[in-house]
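Trainee: This structure is in structure tokens; I'll ask about it shortly.
The values are calculated or read from the model by the stated rules, or taken from the named source; none is laboratory data. As the structure is a prediction and not an experimental result, all values here were calculated from the model. Glycine gets a Cβ as well: all are built from the backbone with ideal geometry, and neighbour counts include every protein chain shown. In case anyone asks, the SASA skips ligands and DNA or RNA and just uses the protein heavy atoms, side chains included. Shrake-Rupley method; radii C 1.70, N 1.55, O 1.52, S 1.80 Å.
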Protein chains: 2
Amino acid sequence: MSKTWANSGVDLHVDLTGTRVRAGLESALRDAVRAGRLHPGERLPSSRALAADLGIARNTVADAYGQLVAEGWLAARTGSGTWVTRRQVPERDRPAAPASGAGGPRYDLRPGVPDLAAFPRRAWLAAARRAVNAAPAGVLGYPDPRGLPQLRMVLAGYLSRARGVIASPERVVVCAGFAPGLAAVCHALRARGARTIAVEAYGQQVHRLVAEAQGLRSAPLPVDAGGAVPDHLAGADAALLTPAHQFPLGVTLRPPQRRAVAEWAIDTAGVVIEDDYDGEFRYDRQPVGAMQALAPEHVVYAGTASKSLAPGLRLGWLVLPAHLVDAVVAAKESAGELNSALDQLTLAEFITSGAYDRQIRHSRLAYRRRRDQLATVLRRQAPQVRVTGIAAGLHALIELAESDREDDIVARAAEHGLAVDGLERYGAPGAHHGPALVVGYGRPPEHAFTTALARLCAVLNPG
Amino acid sequence: MSKTWANSGVDLHVDLTGTRVRAGLESALRDAVRAGRLHPGERLPSSRALAADLGIARNTVADAYGQLVAEGWLAARTGSGTWVTRRQVPERDRPAAPASGAGGPRYDLRPGVPDLAAFPRRAWLAAARRAVNAAPAGVLGYPDPRGLPQLRMVLAGYLSRARGVIASPERVVVCAGFAPGLAAVCHALRARGARTIAVEAYGQQVHRLVAEAQGLRSAPLPVDAGGAVPDHLAGADAALLTPAHQFPLGVTLRPPQRRAVAEWAIDTAGVVIEDDYDGEFRYDRQPVGAMQALAPEHVVYAGTASKSLAPGLRLGWLVLPAHLVDAVVAAKESAGELNSALDQLTLAEFITSGAYDRQIRHSRLAYRRRRDQLATVLRRQAPQVRVTGIAAGLHALIELAESDREDDIVARAAEHGLAVDGLERYGAPGAHHGPALVVGYGRPPEHAFTTALARLCAVLNPG
């Protein structure tokens, strides 16, 4: 059933079906104001009069008016009735940005993002429901800047068993992904006098920028087939490394180098930041344990859910040397940084319930299959390239012929609707490595992976 | 049904009920390793042999082994079988911190936190479910540092109609609460040469610290009965104000002062940061619109869900002058700060569905009742104090006799299991106001409010 109601020449069509009476009245009024059919300042009939007109309960009208007052569409004052407010019309000087995810390349083999279609939405929502329903109300206040104790305890246990990290809840600090954790550590190091951080000569440019924004100078650290070269640490106060699976070159820091880095830190009171961004994903043997265990008072272990679940969650964690905990927490506080309590509770529940381990296990199998497929297809169809760095993680390095130009191949790929990254964009100034592509095979959704690979081969074999 | 399986003298009790076979086997193995009954390096029977022993499918055993390998309890290599890993035992050098929310005062009338028991858990979870299920996978990648376009569009509409803000989605930047937004704005201002920020002489100390951590000098701005005193803005490059409801004094910036502040900003190219922390809560008349509308190119409007929903969500938003958008986004990026995509989608859905307006409306009614009760009870039972700042918000100022000492009263309250704040803790050095208490009447859960008030009266009437 619906009715039409007229006010100063404006006809309002109100849907009066079942329990929707009030909602129908509200939306009719909203639409009328939005469309300018009810003008600012225009007075509405009393709730009594309108209720009689429409043949509905007066309280229903009063509730609808109240809701619209709360929303700012209407204003009311006792004795003066209810009228349409004068609202600011939002200016729309530029068209809105396109929705996230729209307008990207058809096939995307850039590294750094896992298969987002594999995010376990149902399990995550179920964990959120259990966690939120079980949480005492006090948890919804301003969270502990170190992270909720519940989550720190769960993470300490997980990192200890799964990554061999020497962890206790007091050493764990939760952060909104790796970058803000890095910023807080760099801030703390700078505050105690550090000047220079050695950063692998190939890596995420944004990490260098984050360190520099905190006042540190970044010095490139060469990387060879054994990983970062420890000889070049001399003179640095800190070092940022990806020991388990160098990003983007894909090598693993070999045991002698791991020990040399740990010894450098111990001898010089230096601090190593171990970016374990994809440490869970190792395919052919036992995962390499965190190097933090070699020198827990000198290594900051940093992990994240960005590769194992999704970057959009913005959940990461640090395990800190005892002497850095307070300084890093103070740095977080001076940046105003705290993590959502609900997200932290959800992650704690997700890990405790076993869902996190299950997700890692499923992903590891899926990514290993893709890695094998990538290696096989390239060996057969593009034997001129060399595929390296595939023992772990979600990306591989495709080494091109010396005469190839990365830019040309990236451009040719774009013409095929395929996004790939050249290695050079990850290099510090002066870094030199032969031409190569960094291929993130984790990223495409499952159904698109085979086609993405076929296009990659086509790009590598022009003409 | 359950079975017992023996391995090298270890009896493993395995629950084999229904679909729990695999889970039972996994948990028996985990328990055995955790308790040290299965030792590091110890070899497990082949999946075929164990399956035969237990009378279950071989795949079930293989899956359980696989899961435990994924979790790091076991290791496996083709041809070498499966064995127990050498794990790091977490050190527990200090006892874990108590769970959040435990150990606080019995009754808490400190300001800054709303009634957390009123957080609409069910509606929030429902919005999360709808938002997460409807989200395209791409949204789970690294979020736009400005905030998701969907949420910025929804916020622009909401702030325009509910707070009179001149807002377009391009001007909105999402941040993890007010403090990180303030940090980003201060960083951007400092980068373009600002030196001094005028900060109300009474306010949250942490905001001064955040501004100073970004390299700005904070200069106290006197506050009188008309709000911040604009004459004292001379020499500042920026100003941080709470125009709708001064925190903690509770006054509203009067129209002439609002205009004077806006004119100062326009004349000197200064920037006003309008901290609209509780602007939705005004009780006796139409909410005061945001002062941003007077000078949208000179005022940064800052809002948050910390008072309207819960601080634990860490959701806030800025509406920026066009000339500051890129610099603030760059500041967020250099701090590595991005917000959870899922939380942003959930908030957008929560607002769009009308749940946010409903929550504000319910809260406003509840807090108005509490405010009236506070005023009535104090008028009757402690007529010697003066209650001010109650036209809006979730806190009031209780002005004491000149001879009263805040510290004494706060200490006496603590003896009654009641937490209150003295005004002095919110004052900049040199700020002078008579002794007063800042009472957050929004904070206690509903059932505790009447008792909290009775204790407050008892504290104000000793002997």
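Trainee: Based on the alpha carbon coordinates of the protein assembly as shown, what radius of gyration and maximum Cα-Cα distance (Dmax) apply, in Å?
Mentor: 30.2, 97
Trainee: Enter the accessible area per residue of the protein assembly as shown (Å², integer; probe 1.4 Å; all protein chains in place).
Mentor: Accessible surface, normalised per residue, equals 39 Å².
Trainee: Would you please classify the overall shape of segment B:184-258 from the alpha carbon gyration tensor, given that a ≥ b ≥ c denote the square roots of the eigenvalues, rounded means a/c under 1.5, and beyond that prolate means a/b larger than b/c while oblate covers the rest?
Mentor: Prolate, since a/c reaches 1.5 and a/b exceeds b/c.
Trainee: Let me ask another. Between segment B:138-197 and segment B:204-244, how many Å separate their Cα centres?
Mentor: Distance between centres, Cα-based: 20 Å.
Trainee: How big is the Rg/Rh ratio for segment B:267-398, C-alpha atoms only, Rh by Kirkwood, two decimals?
Mentor: 1.05
Trainee: Expressed as a whole number of Å, what is the distance separating the alpha-carbon centroids of segment B:353-405 and segment A:259-311?
Mentor: If we compute the Cα centre of each part, the gap is 52 Å.
Trainee: So which trypsin sites (Lys or Arg not before Pro) in segment A:285-343 are both in a DSSP loop and have at most 15 other Cβ atoms within 10 Å of their Cβ?
Mentor: A:Arg285
Trainee: Okay, moving on. Counting only DSSP beta bridges with both residues in chain A, tell me the antiparallel percent, nearest 5.
Mentor: Of all bridge pairs located within chain A, approximately 65 percent are antiparallel.
Trainee: Another one. Using a 1.4 Å probe on the protein heavy atoms only, what accessible surface does A:Leu338 show? Give it in Å² to the nearest 10.
Mentor: 30
Trainee: Keeping every protein chain in place, order B:Arg192, A:Arg146 by accessible area at 1.4 Å, biggest value first, i.e. largest first.
Mentor: B:Arg192, A:Arg146
Trainee: I've got another one for you. To the nearest 500 deg cm²/dmol, what mean residue ellipticity at 222 nm is calculated for the protein assembly as shown from DSSP H runs of n ≥ 4 alone, each contributing -39,500 (n - 2.57), summed and divided by the residues?
Mentor: Only helices count here, giving -12500 deg cm²/dmol.
Trainee: Still on this model: Just round it to a whole percent: the fraction of Cα-Cα distances in segment B:111-180 exceeding 19 Å.
Mentor: The calculated P(r) of segment B:111-180 puts 54 percent of pairs beyond 19 Å.
Trainee: Let me cross-check A:Glu349: its accessible surface, 1.4 Å probe, with only protein heavy atoms counted, in Å² to the nearest 10?
Mentor: 50
Trainee: Once neighbouring chains are kept in place and the probe is 1.4 Å, which whole percent of the accessible area of segment A:255-393 is contributed by carbon and sulfur?
Mentor: Answer for segment A:255-393: carbon and sulfur cover 52 percent of the accessible area.
Trainee: Run down the aspartates and glutamates and flag those whose C-alpha is under 13 Å from the C-alpha of A:Lys332, throwing out any fewer than 8 positions away in its chain.
Mentor: A:Lys332 reaches A:Asp144, B:Glu337.
Trainee: Expressed in nm², what is the orientationally averaged projection area of the convex hull enclosing the Cα positions of segment A:141-271?
Mentor: Mean projected area of the Cα convex hull: 8.6 nm².
Trainee: Sequence-distant or interchain residues sharing an amide H contact under 5 Å with B:Ala219, placed H: which?
Mentor: The list, which skips near neighbours in sequence, is B:Ile197, B:Ala198, B:Val199.
Trainee: Here's another thing I want to ask about it. Quick one: what do you get for chain B if you divide its Cα Rg by 2.2 N^0.38 Å?
Mentor: Computed over Cα atoms of chain B, the ratio equals 1.27.
Trainee: Return the residues of segment B:143-171 for which accessible area with all protein chains present is lower than in the chain on its own by 50 Å² or more; set the probe to 1.4 Å and exclude ligands, DNA and RNA.
Mentor: Residues meeting the cut-off: B:Pro149, B:Ser160, B:Arg161, B:Ile166, B:Glu170.
Trainee: List the distances, in nm and shortest first, from the label point of B:Arg405 to the matching label points in every other copy, placing each point 7 Å from Cα along the Cα-to-Cβ direction.
Mentor: Result for B:Arg405, in nm, nearest copy first: 8.0.
Trainee: Report, to the nearest 10°, how far helix A:58-71 tilts away from the longest principal axis of the Cα atoms in chain A, using its own Cα long axis and a range of 0 to 90°.
Mentor: Helix A:58-71 sits roughly 40 degrees off the main axis of chain A.
Trainee: Could you go through segment B:172-181 in sequence order and give the Karplus-derived ³J(HN,Hα) for each residue, using 6.51 cos²θ - 1.76 cosθ + 1.60 with θ = phi - 60°, rounded to whole Hz, and x for Gly and Pro?
Mentor: 8, 10, 7, 9, 7, x, 5, 4, x, x
Trainee: So which residues in segment A:46-74 end up with at least 50 square angstrom less accessible surface once the other protein chains are there, compared with the chain by itself, probe 1.4 angstrom?
Mentor: Those are A:Gln67, A:Ala70, A:Glu71, which lose 50 Å² or more relative to the chain on its own.
Trainee: If you roll a 1.4 Å probe over segment A:412-463 with all protein chains in place, what percent of the accessible area is carbon or sulfur?
Mentor: Roughly 53 percent of what the probe reaches on segment A:412-463 is carbon or sulfur.
Trainee: Find the sum over both chains of the accessible area lost when B and A are paired, probe 1.4 Å, and report it in Å² to the nearest 100.
Mentor: Protein heavy atoms only, the B-A interface buries about 7300 Å².
Trainee: At B:Ala225, label 7 Å along Cα→Cβ: distances to the other copies, nm, ascending?
Mentor: Once sorted, the set of distances for B:Ala225 reads 8.4 nm.
Trainee: Mind listing the long-range amide H neighbours of B:Ile390? Cut-off is under 5 Å, sequence gap 5 or more, other chains count too, H placed in the peptide plane at 1.01 Å from N.
Mentor: Those lying under 5 Å, H to H, from B:Ile390: there are none.
Trainee: For segment A:313-463, what size does the Cα cloud have along each of its three principal axes, sorted from largest down, in whole Å?
Mentor: The Cα atoms of segment A:313-463 stretch 58, 40, 26 Å along the principal axes, largest first.
Trainee: Further question: Using alpha carbons only, how many degrees (0 to 90, rounded to 10) separate the axis of helix A:149-163 from the longest principal axis of chain A?
Mentor: It works out to around 30 degrees.
Trainee: If you don't mind, another one. When you take every Cα atom in segment B:226-298, what is the radius of gyration, and what is Dmax, the widest Cα pair distance, in Å?
Mentor: 11.7, 37
Trainee: Gap in Å between the Cα centre of segment A:28-70 and the Cα centre of segment A:426-458?
Mentor: Centre-to-centre distance over Cα atoms comes out at 59 Å.
Trainee: B:Asp53: accessible area at probe 1.4 Å, nearest 10 Å²?
Mentor: Roll a 1.4 Å probe over it and B:Asp53 shows about 100 Å².
Trainee: Can I ask one more? Where both partners of a DSSP beta bridge lie in segment B:374-463, what percent of those bridges are antiparallel, to the nearest 5?
Mentor: Bridges in segment B:374-463 that DSSP calls antiparallel: roughly 100 percent.
Trainee: For segment B:383-463, place one equal point scatterer on every Cα, skip the solvent, and apply the Debye formula. What is log10 of I(q)/I(0) at q = 0.14, 0.15, 0.27 Å⁻¹?
Mentor: Result of the Debye calculation: -0.45, -0.52, -1.57.
Trainee: Provide an ascending nm list, one decimal, of label-point separations from A:Val377 to the equivalent residue in each further copy; define each label point as 7 Å from Cα along Cα→Cβ.
Mentor: 6.9
Trainee: Extent of segment A:273-332 along each principal axis, from alpha carbon coordinates, in Å, largest to smallest?
Mentor: 38, 31, 10
Trainee: Rank these by accessible area, largest first, 1.4 Å probe: A:Arg258, A:Arg405, A:Arg412.
Mentor: My answer, sorted largest first, is A:Arg405, A:Arg412, A:Arg258.
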